[in-house]
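So that we are looking at the same thing, I have put the structure below in structure tokens.
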Amino acid sequence: MQASPAIESAGTGELVRSARKKNVVARLGRTAVRRPLGAAGALLISLLVLAAVLAPVLTVHDPEIGDFLAISAAPSDEHIMGTDGLGRDIYARVLYGARISLQVGIIAVAIAATIGTTIGLLSGYLGGWIDSVIQRLLEVVQAFPGLVLAMALVAGLGPDIKNVMIAVGIATSPGLARIVRASVMGVKANTYVEAARSIGATGPRIVLRHILPNVTAPIIVVATAGLGGAILVEASLSFLGLGPPPPAPSWGSMLNDSRLAVGVAWWSAVYPGIAISLAVFGFNLLGDALRDVWDPRLRGTR
Amino acid sequence: MGRYVIRRLILAIPVLIGVTMLTFILIRVVPGDVVDVKFGTNIRPEEKEELLAQLGMNKSLAAQYVDWVGGVVRGDFGQSLRTNTPVADEFRRRVPVTIELALLAMVFGVTLGVLAGIVSATRQDGPLDYLARVLSMLGLAIPGFWLATLILVLPAIWWGVIPPTGYTPFTEDPVDNIQKMLLPAASLGLALSAITMRLMRSSLLDVLRQDYVRVAWAKGLKERTVLSRHALRNALIPVITVIGLQVSALLGGAVIQETIFVMPGLGRSTVDAIRFRDYTQLQINVLFIATVYVVVNLAVDLLYSMVDPRIKQA
């Protein structure tokens, strides 16, 4: 084995750290080669994030102010994806739309993960009648289609980006709760949990220090795939006019607008749809790859 | 067996009661009521009070719930807050549209998904397998409503034709009925076919590695026989479960497809009811959707226990 001079001269702590860093990079590279689909997903998501962050740099047009001299203009050098029925640049709206999709997706999934993890930990750890009651309650919520639940919530709270996040988060949480519960049931049976209990660890300590760290992998896997789902629900809500109010450049509402221009402007229907599909595709690919790596038991489930 | 069935049936009752409560509470805790939506600020407070009293909406939430459940038990779902006609009439007019749409979508999605899953699993890592897997990932990512929008928008631009939308009752003109159903059903069933395919593939791959399948091969049976007599039956069990769970997504997706294809179904009615705070209409629609979900999944569980005797002991 060849040691590089840099490592030889470094202290032990430094040595371990640099070896670990190298290890991570090398492992990432190997993973990307072995899981090209996952790598493609990560790439798509990076592009999405870049589009959202760099939107003001990547376009000179304002996503919300239209040019009345260029209504439903075909793609050209000036408007590379054309303009919509109000003369707004579609390329700019698609880029800025990535901000809405990402924001709603990430925050909604964070809400879902918080609710789902809390309920799943309680239900799985406590067991007994509490578990039965929680499971029945989750069944009740799951009997409502996620979209209908989110629609009802948004209709009540008012169509506003914050409320869309809350609604999508709540509608996504029961599925997460069930997966966390199932994982907790498995982890709970381990000897180290028994050991912790035998040295007098309290319930909360066992749950937070011993069980939670061992169920984070499935949580992250499900949350990643859930991001795609959350983006889809947001787009569906916007499509039905229940998303962030106009003139916000939400991809779903862009598609809804495009229906009014049937026979006029294909570009207004095509580009936002491609954006939604690629975003969801990216998160699904990455979620799948993470699942294969971290949690082979979940393979094949959705 | 009998005891398992009874236990499952009893467990479904609290869930159904919970469904009625959640339906009821969810839409009432949200601010704004039908009077606000109808009249906005063009109404004096005392007039509003009177209208609410007429609609029975000045009572406590619990009292309203008891009133409503009492009616439901007698088969009276109440009058629409918007049109003053019985909501059950509107429901009966609209439910066949959604049922037909969802069933067609399910037939389409399951057939395509199961067939593609079999092809994919039996040719693991071959080109067809990769093709099917990539297509299924796309099927999951492409929103059904985008596909539907394209189906309507693109032909109009290219050839100046707009595919038929709307709804013709089957009894009136079966051919027209099917023609108008095909596109919405296909775009609704797309995601289901992708999910089914992925599950069918992984489930069949699992089964194909089992000893009894190896024995079947060793006996010299043909591929057809091994698959149909030994592998498929077992591989289909998890697929059936997931299809049961997907019923809910299908009925939710119908909301959007009905909006796009201008079909007078339950989904459209639900969207309108939400928009106008028409609580009574919303209650019957959502109660139906949730009940279908609970009943279908109960049926799946029972079916499951018949196919797999190990479940009964659990």
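The values are calculated or read from the model by the stated rules, or taken from the named source; none is laboratory data. This is a predicted model, so every value here is computed, not measured. When we count neighbours, we look across all protein chains shown, and the Cβ atoms used for this are built from the backbone with ideal geometry, even at glycine. When the accessible area is computed, the model is the full protein with side chains, heavy atoms only, and any ligands, DNA or RNA have been set aside. Shrake-Rupley method; radii C 1.70, N 1.55, O 1.52, S 1.80 Å.
Take residue A:208 and decide whether it is in a helix (DSSP H, G or I) and modelled with pLDDT of 90 or more. Don't jump to the end; show me each part of the working.
Details: in a helix (DSSP H, G or I): yes; modelled with pLDDT of 90 or more: no.
Answer is no for this residue.
Among the candidates B:51, B:61, B:147, which residue alone is without any contact (Cβ under 8 Å) to a residue 24 or more places away in the chain and either more than 26 Å from the chain's Cα centre (by Cα) or open to solvent by 20 Å² or more (accessible area, probe 1.4 Å) (or both)?
On the way: B:61 fails: without any contact (Cβ under 8 Å) to a residue 24 or more places away in the chain; B:147 fails: without any contact (Cβ under 8 Å) to a residue 24 or more places away in the chain.
Of the residues listed, the single one that is without any contact (Cβ under 8 Å) to a residue 24 or more places away in the chain and either more than 26 Å from the chain's Cα centre (by Cα) or open to solvent by 20 Å² or more (accessible area, probe 1.4 Å) (or both) is B:51.
Restricting attention to the stretch B:261-281, does a residue exist that is farther than 17 Å from residue A:146 by Cβ, part of a helix (DSSP H, G or I) and touching a strand residue (DSSP E or B) at 6+ places or on another chain (Cβ under 7 Å)?
So the first thing to find is which residues in the stretch B:261-281 are farther than 17 Å from residue A:146 by Cβ, and the list is B:261-265, B:268-269, B:272-273, B:275-281.
Keeping just the survivors that are part of a helix (DSSP H, G or I) gives B:268-269, B:272-273, B:275, B:279-281.
Of the ones still in play, those that are also touching a strand residue (DSSP E or B) at 6+ places or on another chain (Cβ under 7 Å) are B:280.
Yes.
Scan the stretch B:107-126 and report the pairs whose first residue is without any contact (Cβ under 8 Å) to a residue 24 or more places away in the chain and surrounded by 17 or more Cβ atoms within 10 Å (Cβ to Cβ) and whose second residue is in a helix (DSSP H, G or I) and not basic (Lys, Arg), with Cβ atoms within less than 8 Å and a gap of 6+ or a chain change.
B:119/B:128; B:119/B:129; B:119/B:132
Here is a further query. Here are some residues: B:125, B:129. Which one is within 14 Å of chain A (Cβ to nearest Cβ) and on the phi > 0 side of the Ramachandran plot? Even if it seems obvious, please write down each step before you answer.
Working: B:129 fails: on the phi > 0 side of the Ramachandran plot.
None of the other options fit; the residue is B:125.
Given the conditions (1) within 14 Å of chain B (Cβ to nearest Cβ); (2) within 20 Å of residue A:110 (Cα to Cα); (3) at pLDDT below 85, report the number of the one that residue A:266 does not fulfil.
For residue A:266, the exception is condition (2).
Do the conditions hold for residue A:155, that is, is it open to solvent by less than 10 Å² (accessible area, probe 1.4 Å), part of a helix (DSSP H, G or I) and within 28 Å of residue B:16 (Cβ to Cβ)? I'd like the intermediate steps shown before the answer.
Values: open to solvent by less than 10 Å² (accessible area, probe 1.4 Å): no; part of a helix (DSSP H, G or I): yes; within 28 Å of residue B:16 (Cβ to Cβ): yes.
So residue A:155 fails the test.
Just checking, does the stretch A:84-92 include any residue being touching a residue at least 40 places away in the same chain (Cβ under 8 Å) and either loosely packed, with under 15 Cβ neighbours inside 10 Å or basic (Lys, Arg) (or both)?
Looking through the stretch A:84-92, at least one residue is touching a residue at least 40 places away in the same chain (Cβ under 8 Å) and either loosely packed, with under 15 Cβ neighbours inside 10 Å or basic (Lys, Arg) (or both).
Please verify whether residue A:25 is open to solvent by 80 Å² or more (accessible area, probe 1.4 Å), at pLDDT below 80 and in a helix (DSSP H, G or I), treating the condition exactly as stated. Break it down into steps so the answer makes sense when it comes.
Numbers: open to solvent by 80 Å² or more (accessible area, probe 1.4 Å): yes; at pLDDT below 80: yes; in a helix (DSSP H, G or I): yes.
Yes.
State all residues of the stretch B:140-149 that are within 7 Å of chain A (Cβ to nearest Cβ) and either touching a Gly at 6+ places or on another chain (Cβ under 6 Å) or within 30 Å of residue B:202 (Cβ to Cβ) (or both); if no residue qualifies, say none.
Within the stretch B:140-149, the first condition is being within 7 Å of chain A (Cβ to nearest Cβ), and the residues that meet it are B:140-143, B:145-146, B:149.
B:140, B:141, B:142, B:143, B:145, B:146 - these are the residues of the stretch B:140-149 that are within 7 Å of chain A (Cβ to nearest Cβ) and either touching a Gly at 6+ places or on another chain (Cβ under 6 Å) or within 30 Å of residue B:202 (Cβ to Cβ) (or both).
Sticking with this structure for a sec: Here is a check on your reading of the model: is residue A:177 modelled with pLDDT of 90 or more, closer than 30 Å to residue A:50 by Cα and buried (at least 19 other Cβ atoms within 10 Å of the Cβ)? Steps first, please.
Values: modelled with pLDDT of 90 or more: yes; closer than 30 Å to residue A:50 by Cα: no; buried (at least 19 other Cβ atoms within 10 Å of the Cβ): yes.
In short, no.
Across the stretch A:158-170, what is the total count of residues that are more than 10 Å from chain B (Cβ to nearest Cβ) and open to solvent by 10 Å² or more (accessible area, probe 1.4 Å)?
Step one: list which residues in the stretch A:158-170 are more than 10 Å from chain B (Cβ to nearest Cβ), which gives A:159-170.
Going one step further and asking which of them are open to solvent by 10 Å² or more (accessible area, probe 1.4 Å), we end up with A:159-163, A:165-166, A:170.
The total comes to 8.
If you go through the stretch A:128-152, how many residues are at the interface with chain B (Cβ under 8 Å from one of its Cβ atoms), touching a residue at least 40 places away in the same chain (Cβ under 8 Å) and open to solvent by 10 Å² or more (accessible area, probe 1.4 Å)?
2
Among the residues that make up the stretch B:247-261, is at least one of them open to solvent by 20 Å² or more (accessible area, probe 1.4 Å), more than 8 Å from chain A (Cβ to nearest Cβ) and not hydroxyl-bearing (Ser, Thr, Tyr)?
no
Sort out which residues of the stretch A:244-268 are under 17 Å from residue B:148 (Cα atoms), in contact (Cβ under 8 Å) with a residue 40 or more places away in the chain and among the hydroxyl-bearing types (Ser, Thr, Tyr), and write them in order of number.
Answer for the stretch A:244-268, where residues must be under 17 Å from residue B:148 (Cα atoms), in contact (Cβ under 8 Å) with a residue 40 or more places away in the chain and among the hydroxyl-bearing types (Ser, Thr, Tyr): A:258, A:268.
With the requirement that a residue be open to solvent by 10 Å² or more (accessible area, probe 1.4 Å) and more than 10 Å from chain A (Cβ to nearest Cβ), what does the stretch B:262-275 give you?
The answer is B:262, B:264, B:268, B:272.
Would you pick out the residues in the stretch A:30-61 that are buried (at least 16 other Cβ atoms within 10 Å of the Cβ) and farther than 18 Å from residue A:289 by Cα?
A:48, A:51, A:52, A:55, A:59, A:61
Okay, moving on. Being β-branched (Val, Ile, Thr), open to solvent by 40 Å² or more (accessible area, probe 1.4 Å) and touching a helix residue (DSSP H, G or I) at 6+ places or on another chain (Cβ under 9 Å) is the requirement here; does residue B:98 meet it?
Details: β-branched (Val, Ile, Thr): yes; open to solvent by 40 Å² or more (accessible area, probe 1.4 Å): no; touching a helix residue (DSSP H, G or I) at 6+ places or on another chain (Cβ under 9 Å): yes.
Criteria not met by residue B:98.
Could you identify the single residue in B:206, B:176, B:211 that is among the acidic types (Asp, Glu) and within 12 Å of chain A (Cβ to nearest Cβ)? Full working, then the answer.
Values: B:176 fails: within 12 Å of chain A (Cβ to nearest Cβ); B:211 fails: within 12 Å of chain A (Cβ to nearest Cβ).
Sole residue among the options that is among the acidic types (Asp, Glu) and within 12 Å of chain A (Cβ to nearest Cβ): B:206.
Here is a further query. Is it the case that some residue within the stretch A:223-243 is within 14 Å of chain B (Cβ to nearest Cβ), open to solvent by 30 Å² or more (accessible area, probe 1.4 Å), closer than 30 Å to residue B:152 by Cα and outside any helix (DSSP H, G or I)?
Checking the stretch A:223-243: at least one residue is within 14 Å of chain B (Cβ to nearest Cβ), open to solvent by 30 Å² or more (accessible area, probe 1.4 Å), closer than 30 Å to residue B:152 by Cα and outside any helix (DSSP H, G or I).
I've got another one for you. Regarding the stretch A:193-203, can at least one residue be identified that is touching a residue at least 24 places away in the same chain (Cβ under 8 Å), more than 10 Å from chain B (Cβ to nearest Cβ) and surrounded by fewer than 24 Cβ atoms within 10 Å (Cβ to Cβ)? Even if it seems obvious, please write down each step before you answer.
Taking the stretch A:193-203 as the starting set, the residues that turn out to be touching a residue at least 24 places away in the same chain (Cβ under 8 Å) are A:203.
From what is left, the residues that are more than 10 Å from chain B (Cβ to nearest Cβ) are A:203.
Then drop every residue that is not surrounded by fewer than 24 Cβ atoms within 10 Å (Cβ to Cβ), which leaves A:203.
Looking for residues that are touching a residue at least 24 places away in the same chain (Cβ under 8 Å), more than 10 Å from chain B (Cβ to nearest Cβ) and surrounded by fewer than 24 Cβ atoms within 10 Å (Cβ to Cβ), one finds at least one in the stretch A:193-203, hence yes.
Is it true that residue B:137 is within 13 Å of chain A (Cβ to nearest Cβ) and either touching a Leu at 6+ places or on another chain (Cβ under 8 Å) or polar (S, T, N, Q) (or both)? Even if it seems obvious, please write down each step before you answer.
On the way: within 13 Å of chain A (Cβ to nearest Cβ): yes; either touching a Leu at 6+ places or on another chain (Cβ under 8 Å) or polar (S, T, N, Q) (or both): yes.
So residue B:137 passes the test.
Hey, another quick one. Only one residue in B:245, B:250 is out of contact with any strand residue (DSSP E or B) (no Cβ under 7 Å at 6 or more places or on another chain), in contact (Cβ under 8 Å) with a residue 60 or more places away in the chain and closer than 29 Å to residue A:243 by Cα. Which one? First the steps, then the outcome.
Numbers: B:245 fails: in contact (Cβ under 8 Å) with a residue 60 or more places away in the chain.
Result of the check over B:245, B:250: B:250.
Kindly indicate whether residue A:112 is at pLDDT 90 or above and crowded, with 24+ Cβ neighbours inside 10 Å.
Details: at pLDDT 90 or above: yes; crowded, with 24+ Cβ neighbours inside 10 Å: yes.
Yes, satisfied.
Tell me, please, whether a residue that is at pLDDT below 85, farther than 23 Å from residue A:139 by Cβ, open to solvent by 10 Å² or more (accessible area, probe 1.4 Å) and within 9 Å of chain A (Cβ to nearest Cβ) can be found in the stretch B:226-244.
Scanning the stretch B:226-244, I find no residue that is at pLDDT below 85, farther than 23 Å from residue A:139 by Cβ, open to solvent by 10 Å² or more (accessible area, probe 1.4 Å) and within 9 Å of chain A (Cβ to nearest Cβ), so the answer is no.
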